[in-house]
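Let me begin by presenting the structure, written as structure tokens, before commenting on it.
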Amino acid sequence: MSHSFFYILVSYLLVNNYVMNQFLGICPFLGVSKKLDTAAGMGMAVTFVMTLASLMTWLVKRFLLVPLELEYMQTIAFILVIAVLVQCVEMALKKISPSLYQSLGVYLPLITTNCAVLGVAIANSDAGLGLLESVVSGCCAALGFAMSMVLFAGIRERLAMTKMPAWMNGFSGALITAGLMAIAFMGFGGLLG
């Protein structure tokens with residue numbers, strides 16, 4: 001069993017990273033990655049939401065949707081669960097860390113529509129994972145998301161301090177950097193066989 005958890009961890013961190021390999025959650029990835037501390041804060045918020053969403057969506061499907069034969073409402077139910085979790089995170093951040101809340105800005109409520117969060121919940125459901133596997137899968141996918149954001153933010157901060165050609169400044173440089181990172185992550189493709 002621990003082998004399968006290690007497999008899930010390596011898979012979602014490197015091989016099947018939701019941002020680098022599946023290109024989900026690109027909006028906050030590009031929008032909140034100008035500063036390392038902001039990217040780390042967003043990574044923690046997404047990790048919290050994605051892990052809890054994996055738990056809650058499994059419970060909703062198992063004890064609500066399946067018994068009532070409402071499986072066709074899965075996507076809507078999952079979005080509602082994610083929206084509630086994001087609102088809780090938003091209220092907590094506003095109270096605990098107002099500066100992080102301000103720096104995340106509009107991207108914090110956009111976690112609700114982050115396709116990576118919904119994608120993990122649906123993928124876990126479609127794979128028929130048990131409760132523990134679903135939570136571990138959600139947590140590992142979120143850690144992969146956070147790792148990608150932090151690495152990208154670190155590279156962007158470093159590039160901002162160097163003399164670059166004018167066409168590389170701003171968004172075009174960010175897209176080129178993200179593309180090169182995605183190519184680097186493709187190198188992990190054969191790691192799990």
- Given +1 on the Cβ of Lys and Arg, -1 on the Cβ of Asp and Glu, and no further charges, what dipole in debye does segment 65-186 carry about its Cα centre, rounded to the nearest 20? 700 debye
- Item | Solvent-accessible area per residue for segment 23-80 (1.4 angstrom probe, square angstrom) | 52 Å²
- Item | Quotient of Cα Rg and 2.2 N^0.38 Å for segment 144-193, N being how many residues it contains | 1.31
- Message: Using Cα-Cα distances under 8 Å and only pairs 6 or more residues apart, what relative contact order does the chain have, in percent?
- Response: 41 percent
- Query: Among all helices in the chain defined by DSSP H, which have a length of 24 Å or more along the axis from Cα atoms plus a Kyte-Doolittle mean of at least -0.5?
  - Reply: 36-60, 74-96, 131-160
- Which of T38, N124, A166, positive extreme of dipole for the chain (C-beta unit charges): A166
- Task: Using only Cα atoms, locate the centre of segment 1-74 and the centre of segment 92-113, then give the distance between them in Å, rounded to an integer.
- Result: 18 Å
- Mean Cα-pair separation over length for segment 10-79, i.e. relative contact order, pairs under 8 Å, 6 or more apart, %: 14 percent
- Task: As a check on your grasp of the helix formula, calculate [θ] at 222 nm for the chain: sum -39500 (n - 2.57) over DSSP H runs of n ≥ 4, divide by the residue count, round to the nearest 500.
- Result: -22000 deg cm²/dmol
- Query: Which of rounded, prolate, oblate describes segment 1-92, given a ≥ b ≥ c as roots of the alpha-carbon gyration tensor eigenvalues and a/c under 1.5 marking rounded, otherwise prolate only if a/b is larger than b/c?
  - Reply: oblate
- Choose one answer from L24, L70, L143: the residue with the largest mean-square fluctuation in a GNM of the chain with alpha-carbon springs under 10 Å. L70
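The values are calculated or read from the model by the stated rules, or taken from the named source; none is laboratory data. Keep in mind the model is a prediction, meaning the values are calculated, not measured. Reconstructed Cβ throughout: ideal geometry from the backbone, glycine too, with neighbour counts over all protein chains shown. Please note that ligands, DNA and RNA were not included when accessible areas were found on the heavy atoms of the full protein model with its side chains. Shrake-Rupley method; radii C 1.70, N 1.55, O 1.52, S 1.80 Å.
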